[in-house]
Amino acid sequence: MDAMNRSFYQKARFLLSSPQVEQLPQDTGWEVAFAGRSNTGKSSAINCLTQQKSLARTSKTPGRTQHLVCFELDDERRFIDLPGYGYAKVPQKVKREWQAMIDGYLTHRQALQGIILMMDCRHPMKPFDEQMIEWQQHAGIPMHILLTKADKLTRGAARNVLLKLQKTLKEHTLSPLSSQLFSATKQQGLADTYAILNQWLHCEVAD
């Protein structure tokens, strides 16, 4: 990741938070969606990638992100932060509404170029993760998996988790999925993640 592209992601700014897909910016250009269960470090990862401490709000209460949160990189490129699942203490009716909102976005958004799916490396492949991968396999949208909080494990243990995940994905998915270790705290895995984002967002043409 060279300095030019790193500075490009630092330009990210909060644009809007919407409970409805229809309220998002015009469905043109290129978007990358960030998905993951609550408490996987999704906000921390977005802040790390943009080198901004508080672009995406982090909270000690998991599940606070309840809308589609849009961050603008430039006039044509955006990050979309999807609601987290798992720990949020909300009624089932609200969770069903979240699910319908996410499904509508993933199914109909033409600007969507890829999904960054985050899993806590200590607790990978929970039901929500499996559901997201199943949807991806059906829709054919590119997906890249970040095993977050890799600094919480020893290097060897984290590597074993990654290898096990890659073996599971190879055995149970038809279209290949890429995956890597990531730590926002230690700034680990940034170069590989930037390479994926550059490809999906066509950042070779960005200033």
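The values are calculated or read from the model by the stated rules, or taken from the named source; none is laboratory data. Owing to the predicted nature of the structure, the values given are computational and were not obtained by experimental measurement. Quick reminder, even Gly has a Cβ in these numbers, built from the backbone with ideal geometry, and neighbours come from all protein chains shown.
Summary table below
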quantity: Residue match in segment 103-110 (condition: closer than 27 Å to Arg13 by Cα, among the aliphatic types (A, V, I, L, M), within 16 Å of the chain's Cα centre (by Cα) and modelled with pLDDT under 95); calculated: yes
quantity: Failed item, numbered, when Glu97 is tested on (1) modelled with pLDDT under 90; (2) closer than 24 Å to Gly189 by Cα; (3) among the acidic types (Asp, Glu); calculated: (2)
quantity: Filter pass, Thr107 being more than 28 Å from Gln188 (Cβ to Cβ) and of a type in the set (Ser, Thr, Tyr); calculated: yes
quantity: Residue check for Val21: modelled with pLDDT of 95 or more and under 20 Å from Gly104 (Cβ atoms); calculated: no
quantity: Residue, farthest from Lys186 (Cα to Cα), within segment 22-55, restricted to residues that are of a type in the set (Asp, Glu) and surrounded by fewer than 18 Cβ atoms within 10 Å (Cβ to Cβ); calculated: Glu22
quantity: Selected residue [modelled with pLDDT of 95 or more, within 28 Å of Arg109 (Cα to Cα) and not basic (Lys, Arg)] from Leu174, Leu153, Leu163, Leu146; calculated: Leu146
quantity: Boolean, Gly29 is farther than 13 Å from Thr193 by Cβ, within 16 Å of the chain's Cα centre (by Cα) and in contact (Cβ under 8 Å) with a residue 40 or more places away in the chain; calculated: no
quantity: Given (1) under 30 Å from Gln26 (Cα atoms); (2) small (Gly, Ala, Ser); (3) modelled with pLDDT of 95 or more, number of the condition Ala206 does not satisfy; calculated: (3)
